[in-house]
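*Asks:* Dropping the structure in here first, questions after.
The values are calculated or read from the model by the stated rules, or taken from the named source; none is laboratory data. Since the structure is predicted, the reported quantities are computational estimates derived from the model, not experimental observations. Here the Cβ positions follow ideal geometry from the backbone for every residue, glycine too, while neighbour counts run over all protein chains shown.
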Amino acid sequence: MSDKQLKMKKIAVIGAGTMGNGIAHVFAQNGYQVHIIDISQEAIDSGIATITKNLDRMVAKEKITEQNKQETLANISTFTTINEGVQHTDLVVEAATENSDLKLKIFKELDAVCDAETILATNTSSISITKIAAATSRPEKVIGMHFMNPVPIMKLVEIIRGYSTSDEVTHTIMELSKKLQKVPVEVNDYPGFIANRILMPMLNEAIYALYEGVAGVYEIDTVMKLGMAHPMGPLQLADFIGLDVCLSILNVLYDGFGNPKYAPCPLLVNMVTAGKLGVKSREGFYDYAESRKAEKIAAQFSH
């Protein structure tokens, strides 16, 4: 194990949203000093509340003690500026909104204010690590750490090597992920990486089956749950991920490969345009306001 791995103690997480607070939770619970950075104090407060609630749930299930909970929360500090929050950190994990321009802007700023030895990681689910690294003067120290939602529960971390990511940095982040009780999988930087390159066409195909009237929402999800042993049907999973996120990733795949098999289903495009984004908007393929199926929504946009 390198000195860098042994010395890695202080971690900054950019973004206090769903993924950011989950990543911060996991690092803090495993003994790391964590700086959560978000320009919105409201987002920070909400993120800390979520971490506290998740820890309380773990205490209730006797997975951790009340002392573990208090130690985890004590490991977290919050900041509303990047410059202040990343001082003397060993690793920064960016978990901001999945927007290419925003991420490039953040990485330019990180490169300017972080110590020369600091590793810069992104939790992007689809944006090129090589492109993000090119915005910095340290492309060999830029890597993808794609955690799965919900972060405290899901074991997988996709570790994505950009074109210039060094072997040492890759090894360091692989070993660090294991210290978080995660299972890291190393993949190369091509559109969608592995998780989304395989998952998104499946979700898109399920939406096409609905769009073409092959079967209804309940039927499609039931076939995949009971027939393929998936814990959640593809349409329910798409709602959970966010239909806007699914559309964005499919566009990355389509633009990156130029292959029509990745073209988003017109029903998905229409639902996102109409603001039906799934759980986050309380309506997608299912209606989360009344817990009823939203097949009417799908039907009104299908041909």
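*Asks:* For segment 235-266, name all the residues that are over 21 Å from Met154 (Cβ atoms) and not in a helix (DSSP H, G or I).
*Replies:* Those that are over 21 Å from Met154 (Cβ atoms) and not in a helix (DSSP H, G or I): Gly258, Asn259, Ala263, Pro264, Cys265.
*Asks:* Filter segment 184-222 for residues that are of a type in the set (Phe, Trp, Tyr) and under 15 Å from Met271 (Cα atoms); which is farthest from the chain's Cα centre (by Cα)?
*Replies:* So, considering only residues that are of a type in the set (Phe, Trp, Tyr) and under 15 Å from Met271 (Cα atoms), the one farthest from the chain's Cα centre (by Cα) is Tyr211.
*Asks:* Need pairs with beta-carbon distance below 6 Å; first residue within 20 Å of Leu110 (Cβ to Cβ) and without any contact (Cβ under 8 Å) to a residue 60 or more places away in the chain and within segment 60-85, second β-branched (Val, Ile, Thr) and part of a helix (DSSP H, G or I); sequence gap 6+ or separate chains.
*Replies:* Cβ pairs passing all conditions: Asn83/Val113.
Let's see how each residue does on (1) touching a strand residue (DSSP E or B) at 6+ places or on another chain (Cβ under 9 Å); (2) farther than 24 Å from Gln87 by Cα; (3) not assigned by TED's automatic domain parsing to the domain that holds Asp255:
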| site | (1), (2), (3) |
| --- | --- |
| Ala116 | no, no, yes |
| Ile119 | yes, no, yes |
| Asn123 | yes, no, yes |
| Thr130 | yes, yes, yes |
| Glu140 | no, no, yes |
| Val157 | yes, yes, yes |
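*Asks:* Can you give me the number of residues within segment 203-234 that are assigned to a loop (DSSP other than H, G, I, E, B), of a type in the set (A, V, I, L, M) and loosely packed, with under 14 Cβ neighbours inside 10 Å? Can you show your working first?
*Replies:* Step one: filter segment 203-234 for residues assigned to a loop (DSSP other than H, G, I, E, B), giving 212-216, 229-233.
After this cut, where a residue has to be of a type in the set (A, V, I, L, M) as well, the list is 214-215, 229, 232.
Going one step further and asking which of them are loosely packed, with under 14 Cβ neighbours inside 10 Å, we end up with 214, 229, 232.
So the answer is 3.
*Asks:* Kindly provide the set of residues from segment 36-54 that are within 25 Å of Lys155 (Cβ to Cβ) and in contact with a helix residue (DSSP H, G or I) (Cβ under 8 Å, 6 or more places away or on another chain), ordered by number.
*Replies:* Scanning segment 36-54 gives Ile36, Gly47, Ile48, Thr50, Ile51, Thr52, Asn54.
*Asks:* Have a look at Lys69, Lys61, Lys53, Lys7 and point out the one that is closer than 19 Å to Arg138 by Cβ and either touching an Asp or Glu at 6+ places or on another chain (Cβ under 8 Å) or assigned by TED's automatic domain parsing to the domain that holds Pro139 (or both). Outline the logic, then answer.
*Replies:* Working: Lys69 fails: closer than 19 Å to Arg138 by Cβ; Lys61 fails: closer than 19 Å to Arg138 by Cβ; Lys53 fails: closer than 19 Å to Arg138 by Cβ.
Sole residue among the options that is closer than 19 Å to Arg138 by Cβ and either touching an Asp or Glu at 6+ places or on another chain (Cβ under 8 Å) or assigned by TED's automatic domain parsing to the domain that holds Pro139 (or both): Lys7.
*Asks:* Go through segment 109-128 and give me each residue that's over 15 Å from Asp167 (Cα atoms) and under 18 Å from the mean Cα position of the chain (by Cα).
*Replies:* Thr122, Asn123, Thr124, Ser125, Ser126, Ile127, Ser128
*Asks:* Oh, and also: Determine whether Ile51 is at pLDDT below 95 and under 19 Å from Gly15 (Cβ atoms).
*Replies:* Values: at pLDDT below 95: no; under 19 Å from Gly15 (Cβ atoms): yes.
Spelling it out, it is not the case that Ile51 is at pLDDT below 95 and under 19 Å from Gly15 (Cβ atoms).
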